[in-house]
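The values are calculated or read from the model by the stated rules, or taken from the named source; none is laboratory data. Given the structure is predicted, the values throughout are model-derived calculations rather than measurements. When we count neighbours, we look across all protein chains shown, and the Cβ atoms used for this are built from the backbone with ideal geometry, even at glycine.
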Amino acid sequence: MAIHVLFPGTFDPPTLGHVDLVQRAARLFARVTVGVAENPGKQALFSIEERLALLGECTRGLSNVSVARVTGLVVEACEALGCQAVVRGIRSATDYDYEVQMAGTNRVLAPGVDTVFLPSSAEVAHVSSTLVRQIALLGGDCSKLVPAPVNAALRRRFQR
């Protein structure tokens, strides 16, 4: 069976950790859709259109990866896209506790959709979009934390 997975997130901005997970998922599954979501409770640094474009650039060489806007519940997005599973990255025990709870809830809502956890690679386990935004806002160098297209977009956004 060819498994199609959804890797959902806000990706504001996309980081090297995100790209690492997408690349690894692309080796494991027949198809990966990176689902870019809006979080109404947060003020986004980049618009959803910008994030879609940035992730498209960052995943351009991966033939089995697509990028799509997702709205509503993750399990509804899985149904709409034809995904059999959700991929989630785990950086820490705190992430694990939260993600297990979310996976259990999603399983109740959509029994046919499983969640697969991928631990972050050691080289990028410390990277988070929140830290990247803070560093960029304060004029710091994010080049070792984000892909080149994202770094260029951050530099343009925070030109001093």
Where the second residue is at pLDDT below 95 and loosely packed, with under 14 Cβ neighbours inside 10 Å and the first is farther than 15 Å from Arg155 by Cβ and lies in region 119-141, which pairs have Cβ atoms under 6 Å and are six or more apart or on separate chains?
none
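Does Val67 satisfy the criteria of being in a strand (DSSP E or B), touching a Gly at 6+ places or on another chain (Cβ under 7 Å) and buried (at least 16 other Cβ atoms within 10 Å of the Cβ)? If you could, list the steps in order and put the result at the bottom.
Values: in a strand (DSSP E or B): yes; touching a Gly at 6+ places or on another chain (Cβ under 7 Å): yes; buried (at least 16 other Cβ atoms within 10 Å of the Cβ): yes.
Yes, satisfied.
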Could you count how many residues in region 102-143 are outside any loop (DSSP other than H, G, I, E, B) and either in contact with a Ser or Thr (Cβ under 8 Å, 6 or more places away or on another chain) or within 20 Å of Leu16 (Cα to Cα) (or both)?
17
Take the residues in region 103-130 that are aliphatic (A, V, I, L, M) and more than 26 Å from Pro147 (Cβ to Cβ), then tell me which one is surrounded by the fewest Cβ atoms within 10 Å (Cβ to Cβ).
Val108
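Per-residue answers, yes or no, for (1) of a type in the set (Gly, Ala, Ser); (2) closer than 25 Å to Ala2 by Cβ; (3) in contact with a Cys (Cβ under 6 Å, 6 or more places away or on another chain); (4) in contact (Cβ under 8 Å) with a residue 12 or more places away in the chain:
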| site | (1), (2), (3), (4) |
| --- | --- |
| Thr71 | no, no, no, yes |
| Gly82 | yes, yes, no, yes |
| Val87 | no, yes, no, yes |
| Thr94 | no, no, no, no |
| Gly104 | yes, no, no, no |
| Arg107 | no, yes, no, no |
| Ala110 | yes, yes, no, yes |
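Looking at Phe46, Phe11 in this structure, which one is in contact (Cβ under 8 Å) with a residue 12 or more places away in the chain, assigned to a loop (DSSP other than H, G, I, E, B) and in contact with a strand residue (DSSP E or B) (Cβ under 7 Å, 6 or more places away or on another chain)?
Values: Phe46 fails: in contact with a strand residue (DSSP E or B) (Cβ under 7 Å, 6 or more places away or on another chain).
Exactly one residue qualifies, and that residue is Phe11.
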